[in-house]
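The values are calculated or read from the model by the stated rules, or taken from the named source; none is laboratory data. Source: prediction; values computed, not measured. All Cβ positions, glycine included, derive from the backbone under ideal geometry; neighbour counts span all protein chains shown. Only protein heavy atoms, including side chains, enter the accessible area calculation; ligands, DNA and RNA are left aside. Shrake-Rupley method; radii C 1.70, N 1.55, O 1.52, S 1.80 Å.
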Amino acid sequence: LSLSLNSPWSKRFVAAWLVRLLLAALFLTAAVMKAWSLWRKPFSSEFLLGSRTLEMAVIYAEALLSFWLLLGWAWPLAWLTTVVAFLGFGLHNGSQVWEGHATCGCFGQVAIAPIWTLMLDVVALALLALVRPRRSSWAALFASAAARRLMLPAGSLFLLAAIAAGWFIHQAGSVQAALAELRGDVLRVEPTLADLGTHPAKSSQQVKITLHNRSGQPIRIVGGTTDCSCVATVDLPVTIPAGERVEITLKVRFGGQPGRFQRGYWLWTNSKVQPTAVASWFTGLVKKEP
């Protein structure tokens, strides 16, 4: 069966194949760079999702979506999944642009301004719109008995999972608190996000945080994050009695790049349940030089 390269169908096929290849490379690059960052700094304070498990889930999802696009299996579903992914990325990057973040954190330790990744999301959505599946492709997919048997339970499961996740986050009060509940954390930090305000580059600020021992045994905090941007060991070590709260000082050094930043910090404990934990987050705004 031969196809003329001048035929509209052939041009659309080639365009779709090129877009799939480009987006697959993008997803795979992001996954590899996140994985490299995770491997190089397993206890980094820069995990944007607050959980190594969730960070790994995102890496696997991006890698799987990359291979799905390369294989081209069930192209309408792959196309729809990719559109939803880039819409989510676009909303996330748009919120970071609105808040003035200096880096998006999409590519591990490589700092890229959210405005550039937002533009990348828009371009990707435009390309996907150009190579959207034909109605005949959707009809063929829905005509498949195997696809029909898979779509209904998968769609129902996704809807129920989304409702359950939304309810759980609402009950917990925040995404970070919900993650803490899922991880079974015995150590809770208040506030979950400490705002340090607006200050010049390379200045240092301090903020008080409260550690709440939710277990029935004393917990000793033996150490914490100590790097160029955060020192969580000012008042450590400290022992928190069962069910009690202790206040410690967090010292943060503002970076040299103007814009909003957000980082997590780690605490090390003697608890067998939670020996290491990303405790919480701090944020601030580095103001531009006059």
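Just a few scattered comments:
- Restraint check, LYS202/LYS287; LYS251/LYS288; LYS208/LYS288, Cα-Cα greater than 18 Å: LYS251/LYS288; LYS208/LYS288
- Sorting the segments 199-207, 160-168 by their residues' average number of neighbouring beta-carbon atoms within 10 angstrom, most packed first, yields 199-207, 160-168.
- On the basis of the beta-carbon distance and an R0 of 45 Å, LEU182 and ALA111 show a calculated FRET efficiency of 0.95.
- Reach of LYS272 by Cα under 24 Å, taken over lysines that are not fewer than 8 positions away in the same chain: LYS41
- When TRP268, TRP17 are compared by accessible surface with a 1.4 Å probe, the order from highest to lowest is TRP17, TRP268.
- Backbone N under 16 Å from the ALA242 label point (7 Å along Cα→Cβ), restricted to the stretch 209-226: 213-220
- Each label was represented as a point 7 Å from its Cα along the Cα-to-Cβ direction; for ASP195 and LEU21 these points are 4.8 nm apart.
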